[in-house]
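The values are calculated or read from the model by the stated rules, or taken from the named source; none is laboratory data. Bear in mind the structure is a predicted one, so any value in this text is a computation, not a measurement. Glycine gets a Cβ as well: all are built from the backbone with ideal geometry, and neighbour counts include every protein chain shown.
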Amino acid sequence: MIDALLVIGGLVALLGGAELVVRAGTGLATRLAVRPIIIGLTVVSVGTSVPELAVGIDAALNGSPNLAIGNIVGTNLINFLFILGLSALLIPIAIDRRTVKFDLPAMIAVTLALYLMALDGVLTRLDGALLLAGAVAYTLGLIRVSRRETADVEEDYTGAVSASSERGLTRIGLSLLLGLALVVGGAELLVEGAVSAAHTLGVSDAVVGLTVIAIGTSAPELVTTIMSTVRGDRDIAIGNLLGSSIYNIAAVLGLTVLVAPNGVPVSEEVRNADLLLLVVTMVAALPVLVSGARITRAEGGLFVATYIGYLAWLLLTRT
């Protein structure tokens, strides 16, 4: 009972904190005269990955690194198969040109890189540094592409900061600090409750990361994508979903590996089942996404069915 309360309380704090971080980050970036499209594709993507980052670092520092890798792999499977598929099942998705030419190749590349790094059974600090360098390169490339796309649209941001009241900036700063505090505290509660429950039930940390924690920390992406689908404005949301998946591996896992005392081990089971499924999913879905740059309802349904089948297999064979 106590473990369940810790997990639920941790998830609530994580989601509330992530919402505050995204809102405060977006407000601050707007006041600092950053273009809206860049805000959506960087600040929002990173903000919705904050729960995974907090969980990963906390798990690594507290001796549960398997939970960290399980969380990242599980979250990306949910993002790509379940959330993206569910969105297409509701309303077919038209993928824009930048996503097809830039985000998709980046997502496949970083997933393949992770798989290759994991072949020896452990992610070292060198691997973490390389992943983090990939996150920096992706961000710089994203900003460059976004600027080129909007080069013909002149927006006057002169005086944006001076026109902002000091009170408004203070409120944003306090919201950001409160959000970060909630995320850190929520991660501590979630990891403690999940690990304790896993040990009690005889379930591995990796499986807990792949299921309970992955589903919980994917909630910001799920809410953002579904709400934007209902409202009919999904360009930034879909880019956020893919961008968040890239940051999960490159930035979140990269930082987690760097702070882990002895690296992050990747079990043979995770490497040959869950991580391999993620790689196969990315590669197999590429023709679907590129052909006509559209995900139909039937394809979305196939994505969702694949995830449900995987989740059922996971619960039946590894718990």
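Couple of notes before you dig in:
- Selection status of Pro92, at pLDDT 80 or above and either surrounded by 22 or more Cβ atoms within 10 Å (Cβ to Cβ) or under 20 Å from the mean Cα position of the chain (by Cα) (or both): no
- Just so you know, in the stretch 204-237 the residues that are surrounded by 18 or more Cβ atoms within 10 Å (Cβ to Cβ) and more than 24 Å from Val183 (Cβ to Cβ) include one that is modelled with the highest pLDDT, and it is Ser204.
- Residues of the stretch 285-317 that are at pLDDT below 80 and out of contact with any Leu (no Cβ under 7 Å at 6 or more places or on another chain): Ala285, Pro287, Val288, Val290, Ser291, Gly292, Ala293, Arg294.
- Pairing each residue of the stretch 76-88 that is among the aliphatic types (A, V, I, L, M) with any residue that is outside any helix (DSSP H, G or I), provided the two are 6+ apart or on different chains, yields C-beta distances under 9 Å for Ile78/Ser218; Ile83/Ser218; Leu84/Ile93; Leu84/Ile295; Ala88/Arg294; Ala88/Ile295; Ala88/Thr296.
- Restricting the stretch 264-284 to residues that are in contact with a strand residue (DSSP E or B) (Cβ under 9 Å, 6 or more places away or on another chain) and surrounded by 19 or more Cβ atoms within 10 Å (Cβ to Cβ), the residue that is nearest to Gly134 (Cα to Cα) is Val264.
- Qualifying residue in the stretch 76-85 (condition: crowded, with 24+ Cβ neighbours inside 10 Å and within 23 Å of Val122 (Cβ to Cβ)): yes
- Among the residues making up the stretch 79-122, those that are of a type in the set (Val, Ile, Thr) and part of a helix (DSSP H, G or I) are Ile83, Thr99, Val100, Ile108, Val110, Thr111.
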